[in-house]
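All remarks here apply to the structure that follows.
The values are calculated or read from the model by the stated rules, or taken from the named source; none is laboratory data. Only a predicted model underlies this, so the values are computations on that prediction, with no experimental measurement involved. Cβ placement follows ideal geometry from the backbone for every residue including glycine, while neighbour counts extend to all protein chains displayed. What goes into the accessible areas is simple: the full protein's heavy atoms, side chains included, and nothing from ligands, DNA or RNA. Shrake-Rupley method; radii C 1.70, N 1.55, O 1.52, S 1.80 Å.
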Amino acid sequence: MLLDGAPGSVTFCRSFVRVLALLVALAGLAAPGAAAQADARPSIVLVLTDDQRWDTLAAMPNVRRELVGHGVTFSNGFVVNSLCCPSRASILTGLYSHSTGVYLNTGRYGGFGAFRDASTVATWLQAAGYRTGYVGKYLNGYVPLSGYVPPGWSRWAAFAGRYDTYWLNRDGVPTWYGREAAEYSTDVLANDAVSFVRESAGPLFLVYAPYAPHAPATPARRHADAFDALDPWRPPSYNEEDVSDKPVWLRSRLSLEPGQRAAIDEFRRDQLRSLLAVDEGVGRIVEALRETGRLENTLIVYTSDNGLAWGEHRRTSKMDPYEESIRVPFVVRYDPLVRAPRRDPSF
């Protein structure tokens, strides 16, 4: 378990909200009038992937060029509760699970039903004059057909996550997708994100939350053959032979059989393939920010809700106190403060 303030860790949910508050406050102080204040406020874009490991950014050329190449890469970004809903609730509120009430993905203490969304970063920034947009996966248990739009969002295009067949709730109007390849969800969401940037006036806050690379990690058809020659993933901890020094819950797990190992290898390739469409979406969002004159004053954060094991310690899960599950990519680009790209291991 990671504790608040544990050395060598970044609780990015709280850090992210603190950065937002600081930037908005500084922009307000720097602007003497209301109109000038609106112009001076930084726009904010959060790219939030699903189940993406920290060590997969090498497969994403746009992210590396536009974000890593212009920002700070925090090499020690960790989540406290390595599961989709608890992590997303924390990101949206800056609070840990014992304060959000969201510990799991389902049940009384899990998912959309347990999340209290009346006060989030969206309501705070909307009250501060931002145009806010959420595009992508929300929390497990969210039902797009309900038409529900949480407080604080000026633009809402959300679902519970799928790749090829899904309902998407746009500002309270559910729409069915999945009839054509062009309706691949990562691409549809990127279209909405780009439109939001182009149609917004003044400072904006955008969350782009594609489903990738969550299982089944279905890639876009154009990427189906990518990474075919990728070498198998075999770090020293892979399918660990001797687990006698591990906890009882891990010692009870059997070694991975050949069929399981082959399935993990293919799933790893599919995860990387599915991230290629996310990477293209990030490139399009950055270009839209550039063309609308916002890029030089936009805080862009790239991260994920949790990681995932690829056979390390005989595991393929994300609910483990191991680095593969709790470590996430964490990159921040903000041109007024970052003069040269760097890696920051200090947290």
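Computed in the context of the full set of protein chains, the accessible area of the range 267-319 at 1.4 Å probe radius has 47% of its extent on carbon or sulfur. For the range 189-277, a Kirkwood hydrodynamic radius built from all Cα pairs, placed in the Stokes-Einstein relation at 20 °C and 1.002 mPa s, yields a translational diffusion coefficient of 130 µm²/s.
Placing pseudo-labels 7 Å out from each Cα toward the beta carbon at Leu254 and Arg65 gives an inter-label distance of 4.7 nm. Normalised by the number of residues in the range 229-346, the average gap of Cα pairs under 8 Å and 6 or more apart makes the relative contact order 29 percent. Measuring only protein heavy atoms, the 1.4 Å probe finds Ser146 accessible over about 80 Å². Comparing Ile44, Ile264, Ile91 in a Gaussian network model of the chain, where Cα atoms under 10 Å apart are tied by springs, the biggest mean-square fluctuation is seen for Ile264. Of the candidates Trp310, Trp176, Trp167, which one comes out as most mobile in a Gaussian network treatment of the chain with C-alpha springs shorter than 10 Å? Top of the fluctuation ranking is Trp176. To the nearest ten degrees, helix 84-93 and the longest principal axis of the Cα atoms of the chain are 30 degrees apart.
Summing charges over neighbours of Val102, with a neighbour being any other residue whose Cβ is under 10 Å away from its Cβ, gives +2 when K and R count +1 and D and E count -1.
Over the chain, the alpha carbon radius of gyration divided by the compact-protein estimate 2.2 N^0.38 Å works out to 0.98. Every Cα-Cα pair of the range 101-201 was included, and the share exceeding 21 Å stands at 37 percent. About its Cα centre, the chain has a charge dipole of approximately 660 debye under the convention of +1 per Lys or Arg Cβ and -1 per Asp or Glu Cβ, with nothing else charged.
Shape analysis of the range 100-157 yields a ratio of the Cα radius of gyration to the Kirkwood radius, Rg/Rh, of 0.99.
Taking Val207, Val248, Val194 in turn, the Gaussian network model of the chain (Cα-Cα springs below 10 Å) assigns the largest fluctuation to Val248. Sum up the charges of everything whose Cβ sits under 14 Å from the Cβ of Arg269, counting Lys and Arg as +1 and Asp and Glu as -1, but leave Arg269 out. After counting each charged neighbour, the total is -2.
Using a probe of 1.4 angstrom and keeping all protein chains present, the accessible surface of the chain works out to 42 square angstrom per residue. Model label points for Asp231 and Asp164, set 7 angstrom from Cα along the Cα-to-Cβ axis, are 3.3 nm apart. The value of relative contact order for the range 280-347, using C-alpha pairs under 8 Å at least six residues apart, is 32 percent.
Ligands, DNA and RNA aside, Asp225 has an accessible area near 120 Å² when probed at 1.4 Å.
Quotient of the Cα radius of gyration of the range 256-347 and 2.2 N^0.38 Å, N being its number of residues: 1.42.
From the Kirkwood radius over Cα pairs of the range 300-347, Stokes-Einstein at 4 °C and 1.567 mPa s returns a whole-number translational diffusion coefficient of 103 µm²/s.
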